[in-house]
Amino acid sequence: MFLKNTAIGFILFNFLMILFIGRAQAEYRVYQYSVKYKKLYEVDTKPYLVTSTLDPVSYVAYHGGSQTMAIDLLRSWVCKGHTGQLKAHCPSPYEKAKEVKGF
């Protein structure tokens, strides 16, 4: 009796997993920063705009740490899908809003 209930539970579990896996969707967050290098090196210290999938802490750590750069998070948004195979990020919804409003 126990084995029969276990087998039915196993089949039911697998059936439900197949249903839910088919509906799963990936998403990722895109961040837009204003980046400015500190005057440690002889480089241009004007701020510039960067769009990345790295969160603020990871971005600073990956690019030399807080001793070499300062970043300001300007905005972020969520994109559907994935960024595999060097796909470009999805466009910012803020840019779409500007186009609609005519700014």
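Details
- Spin-label model distance (nm) - Lys96 vs Thr68, 7 Å beyond Cα toward Cβ: 3.6 nm
- Residues whose placed amide H lies under 5 Å from that of Cys90, excluding near-sequence neighbours: none
- Electrostatic tally near Tyr33: other residues with Cβ closer than 12 Å to its Cβ, Lys and Arg +1, Asp and Glu -1, net 0.
A short reminder: the numbers here are calculations on the coordinates, not readings from a lab. This one's a predicted model, so the numbers in the text were calculated from it and none came from an experiment. For neighbour counting, all protein chains shown are included, and Cβ atoms are generated from backbone atoms with ideal geometry for every residue, glycine included.
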